[in-house]
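The values are calculated or read from the model by the stated rules, or taken from the named source; none is laboratory data. Predicted model only: the values in this text are computed from it and were never measured. Note that we place each Cβ from the backbone using ideal geometry, even for glycine, and neighbour counts take in every protein chain shown.
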């Protein structure tokens, strides 16, 4: 999942011909004057923190400036912010338009129907979750032939637009649809979508590109604004990695088993911290790498829960023992293992020899790791 | 049907990333030096007449030049040509590449299957009609999902390419498919498609854009290289118009009736000249315009064969009489009419009053117009 | 039931508020057809020729139970109008509109097929069954109920031929105009089985044209599977070759597509071939199976 | 016949020459599955695990009569490999490949559906019927023939649960792993009717996960139409919300998609809900209808 910052989303929108406010990105107050002139942005202008979290308006991460000095000050102030834990690295400066109405528009995937769904509401500019169901139009679109006339007319009716504005929105719908399909997006959201005279202008842009489609989109390869450094390493090694705020590390294989382990852990008062999913791998090197990642997250204790189906228990055990030996003494942590399935006996024996007990029962092993981490919360 | 000259086809190819020889178009010998330098075309180079007819190589419309003087001379000579009745207005100058093999590739419509069909042959550079059936691979492509892996592999096998060249052709196939679909083409043909090292280069480009899709392609609106002036006027007035080499003009309504009329005319020794199909119109103005067009083609006699179905015979008759009165005395021609169907009696009466006899029988009326034009050939 | 449509076919007219749509809605009603609704975006609530107009096909279907549509929508919007009808559950569309890009027709044909919807046309006169119903624009005056089926790629020429049959004192069961565009929703091969199975048809007149291989395909089918007499005519025997398609078109056909190829194939398959349209009525009379009066 | 596949299912392995393809072709054969062919472009003529390899699916189908395929093709090529199989007439595809873009899966799902082809997966363990056949990668060791059907969105967790059922002395009729991707070819709602109709299944274990509304949809179906006992488990009850999807994803669900929502829906529909995976075997034993020995 590649979440794009607003300015990157708008760069894509521009390529597809979507109408945008004039604007420019800066990374320091010194760039403001040149950027405003270069992009032809008049005053008053809007100064927006380029962070991924929502609620920028209320959080002081969107400001207004009526002259250059104010724009520079606002840029400086915003670049100094940490917004919901995110450091602000870029600021978007944009012209302030005379907005008649604010609308909502998005395209996402409807998993149940296996179809993209276009959502539109005349109530834009607020969080869509707060808009009542009946005020949102949903149109499911067959990928062949794509978004067509009557579907667009239903959306236009929901947006309560007509005449020249409706013609603008009609064109916009085609453009947004193309963005969704051609950029392999998971989500394209414009909120607010502003009516400005006869124009419809994307005031914000929220675009999420699907990770799995990255082989078609090398252009997004180095965008990883929303990952922690450990998450980034995990991604490169193809290990699913989630950081939570507890103190127990979990290494498991498969998303379902990982989640089930988390459920049991929580039930008995454990606080899960880092979560690693090895997937269906057979590769002892991956086990080793996962263990190293885990060590860097400094857990109070670690639970290894592996069901060897495609994976072999002995291979996993060997990788684990290797990895343990490479961790410096001062970084060691208590380890509880549960290793079952394919070649189980061999795996258990290998662990035993290295001083790690493998318990067959999930409940018992979870209780053991919680105790090792200092007891239930 | 908009047939594009080679250089226009190649302009499209360039937009889709298809590999082409370096080249430039000139309209006078004086432009040659600048064009060659500007496009970076080295010597020896190829000088090609930009005409729509085939067989340019054999017909002396493609020449070679080893220095600037030769290139200018060849350009001058070609611009002075009339090639198969077509005046040469543009000349394409291109680098001469070291060709390893010449292939054939095209995409057209297979009407029976209602599917685009990609055709490929390892025997390129000759007229595809002269290549035996078994040496041509045909792959029908579903518009959804478009040209896919195994279909391309069948084409690569037919082209007998492998390794790096196959990878180049694979990419080319995607590009040519996009041209066909996105440009609303009736035909995209590359012959020869040359292997030059690991590259595959389109040495020629034959692109025909579908007329009916012109509302999506205003960019082709003013390309009408292949129409006579009368054909151009007919097109603007939405009258189907075909110029043949006989002396009898025919005005009919509907393609089938028009062709059937031609068949009967030919059977009895008439030589059809201009052919106008009014289509399903009701509009007396269109009849008038058709008559004027016909007058400009100076036929020995004219046969009007109308079956009034959706069209009303009296309306057609009135338009015809109006039109006749506007033709100057010295441009008049003998007219035989057959006007049947909807409101037939009224139509016949109107014609009678204006001195035109309407015969109900097709055979008799055809024989009458042949006699009026000077008898059978 | 006659071929494809019958008295109880409930017809929607898409584009009814345009000139052509209005005229032909009136003509269809005059023929006895059950025109139940019109659809034009933004014109919902109006009445045209006594027929209620809706903004969308879905609304029209819901309110009137329309189960066939006749399109007079301008070419740039025809694709979407047809897809709307399919998505609203309509399974039969007669597309009168001409100049629809064939790339659009490819989408329409294959999408429609995946949803079980049948297209007649585009650029076609439609279908008429005298005494029962008509979807399209075939002139009312040329018909007389009878037992001759007509399948044609032409428009006006069909009217002329149908009229000729009527003037001979014979009548038609169903007349089907397929349209002459490069991509048609229904070809001879699609339609022949319906006439084969239609107990009201005793003989079929097949009116072809040069270009494509639809007549050759039809001949192949007739030779193998069609058991009623066929009178065939192919227009364009004397037309100059290659006026329309380039090389690639020519090699798809490879010797097919000419009038000679079509006529020989049809003759070899057992069809009775007319050299000129005016010969058709006599051939129909000659080969139409004699029945005792009912 | 068991659900979807049986002893005489003739299995093609696409990507058999890769490591995963080779290993699992061997395992499938060891399970008793009828693996008849492999396909890898450019590798035609080889043998892998005694199975002949073809360059194209069409060749494989022609030579061996393969009627199901198991895909181990890398994600960037999976779409085209599946479409090739559909065009070659194959009607059942188990897609093991993970990381297929969901836009590709949309194409695959809808194209497949228009041609009558069923997908299991992607990113799924496949289907296994102990004593009969297996298409996919579910470990052979966890199975024992019996009368418990298993439908699961998970991989490893399923093996754990199936193994637990076996250790309780019970066996499985068919085990079906749907995969947990955003777009799956077969959902609970698609699969439940097959188990309903399967005379060899007496009880179904349904293993769900948070996210999407597949479990809610399943509950709706179970409440209305499913007449065998259901044991349900949903993983991810304690997972932090919103780690995967943005706002638009959240509002498609609107309060659905959480473990609570799923568990409540399933319970309300009459399913017996397990709080933890290790509770499942006991529940299965409790609710499995007793039969007299055959």
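Values as computed for the structure displayed
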{"read-out": "Qualifying residues in segment A:86-101 (those that are assigned to a strand (DSSP E or B) and surrounded by fewer than 18 Cβ atoms within 10 Å (Cβ to Cβ)) - the one modelled with the highest pLDDT", "value": "A:87"}
{"read-out": "Options B:190, B:195; residue that is closer than 23 Å to residue B:114 by Cα and modelled with pLDDT of 95 or more", "value": "B:190"}
{"read-out": "Any chance residue C:73 is crowded, with 20+ Cβ neighbours inside 10 Å, under 23 Å from the mean Cα position of the chain (by Cα) and without any contact (Cβ under 8 Å) to a residue 40 or more places away in the chain", "value": "no"}
{"read-out": "Count - residues of segment B:238-254 that are exposed (fewer than 15 other Cβ atoms within 10 Å of the Cβ) and more than 12 Å from chain C (Cβ to nearest Cβ)", "value": "0"}
{"read-out": "Residue, nearest to the other protein chains (Cβ to nearest Cβ), within segment A:330-348, restricted to residues that are farther than 15 Å from residue A:291 by Cβ and either exposed (fewer than 14 other Cβ atoms within 10 Å of the Cβ) or free of Cβ contacts under 8 Å to residues at least 12 places away in the same chain (or both)", "value": "A:345"}
{"read-out": "Residue pairs meeting the criteria (Cβ under 6 Å; at least 6 apart or on separate chains; first free of Cβ contacts under 8 Å to residues at least 40 places away in the same chain, in segment B:23-35; second in a helix (DSSP H, G or I) and surrounded by fewer than 17 Cβ atoms within 10 Å (Cβ to Cβ))", "value": "B:33/B:68"}
{"read-out": "Residues that are in contact with a helix residue (DSSP H, G or I) (Cβ under 7 Å, 6 or more places away or on another chain) and assigned to a helix (DSSP H, G or I), drawn from segment A:290-302", "value": "A:291, A:292, A:293, A:295, A:296"}
{"read-out": "Set A:316, A:207, A:287: member being buried (at least 24 other Cβ atoms within 10 Å of the Cβ) and out of contact with any strand residue (DSSP E or B) (no Cβ under 6 Å at 6 or more places or on another chain)", "value": "A:287"}
{"read-out": "Some residue of segment B:66-81 being under 16 Å from residue B:190 (Cα atoms), crowded, with 21+ Cβ neighbours inside 10 Å and free of Cβ contacts under 8 Å to residues at least 40 places away in the same chain", "value": "no"}
{"read-out": "Some residue of segment C:13-33 being part of a loop (DSSP other than H, G, I, E, B), touching a helix residue (DSSP H, G or I) at 6+ places or on another chain (Cβ under 7 Å), closer than 18 Å to residue C:132 by Cα and touching a residue at least 24 places away in the same chain (Cβ under 8 Å)", "value": "no"}
{"read-out": "Selection count, segment A:107-122, where residues are crowded, with 21+ Cβ neighbours inside 10 Å and more than 7 Å from every other protein chain (Cβ to nearest Cβ)", "value": "5"}
{"read-out": "Filter result for the condition that a residue is within 11 Å of chain A (Cβ to nearest Cβ), in contact (Cβ under 8 Å) with a residue 40 or more places away in the chain and farther than 24 Å from residue D:291 by Cα, over D:161, D:119", "value": "D:119"}
{"read-out": "Enumeration of residues in segment A:182-204 that are surrounded by 18 or more Cβ atoms within 10 Å (Cβ to Cβ), touching a residue at least 60 places away in the same chain (Cβ under 8 Å) and either within 14 Å of chain C (Cβ to nearest Cβ) or farther than 15 Å from residue A:6 by Cα (or both)", "value": "A:183, A:186, A:194, A:195, A:200"}
{"read-out": "Residue A:257 being touching a helix residue (DSSP H, G or I) at 6+ places or on another chain (Cβ under 9 Å), buried (at least 24 other Cβ atoms within 10 Å of the Cβ), more than 7 Å from every other protein chain (Cβ to nearest Cβ) and more than 17 Å from residue A:377 (Cα to Cα)", "value": "no"}
{"read-out": "Matching option when the condition is over 26 Å from residue A:261 (Cβ atoms) and in the same structural domain as residue D:277 (by TED's automatic domain parsing), among D:181, D:198", "value": "D:198"}
{"read-out": "Residue selected from segment C:170-185 under the condition in a loop (DSSP other than H, G, I, E, B) and more than 10 Å from chain B (Cβ to nearest Cβ), by the criterion nearest to the chain's Cα centre (by Cα)", "value": "C:178"}
{"read-out": "Pick from segment B:123-163, criterion in contact with a strand residue (DSSP E or B) (Cβ under 6 Å, 6 or more places away or on another chain) and farther than 24 Å from residue B:181 by Cα, ranking: farthest from the other protein chains (Cβ to nearest Cβ)", "value": "B:125"}
{"read-out": "Meets criteria (over 21 Å from residue B:145 (Cα atoms) and within 14 Å of chain B (Cβ to nearest Cβ)) for residue D:87", "value": "no"}
{"read-out": "Residues satisfying the stated conditions in segment D:186-201, i.e. in contact with a helix residue (DSSP H, G or I) (Cβ under 6 Å, 6 or more places away or on another chain), part of a loop (DSSP other than H, G, I, E, B) and either within 15 Å of residue D:215 (Cβ to Cβ) or facing chain A (nearest Cβ under 10 Å) (or both)", "value": "D:187"}
{"read-out": "Residue check for residue C:64: away from chain B (no Cβ under 14 Å) and surrounded by 24 or more Cβ atoms within 10 Å (Cβ to Cβ)", "value": "no"}
{"read-out": "Segment C:224-238 - residue that is surrounded by fewer than 24 Cβ atoms within 10 Å (Cβ to Cβ) and within 14 Å of chain B (Cβ to nearest Cβ) and, of those, farthest from residue C:207 (Cα to Cα)", "value": "C:238"}
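Yes/no matrix, rows are residues, columns are (1) outside any loop (DSSP other than H, G, I, E, B); (2) within 14 Å of another protein chain (Cβ to nearest Cβ):
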site: A:8; (1), (2): yes, no
site: A:36; (1), (2): yes, no
site: A:54; (1), (2): no, yes
site: A:59; (1), (2): no, no
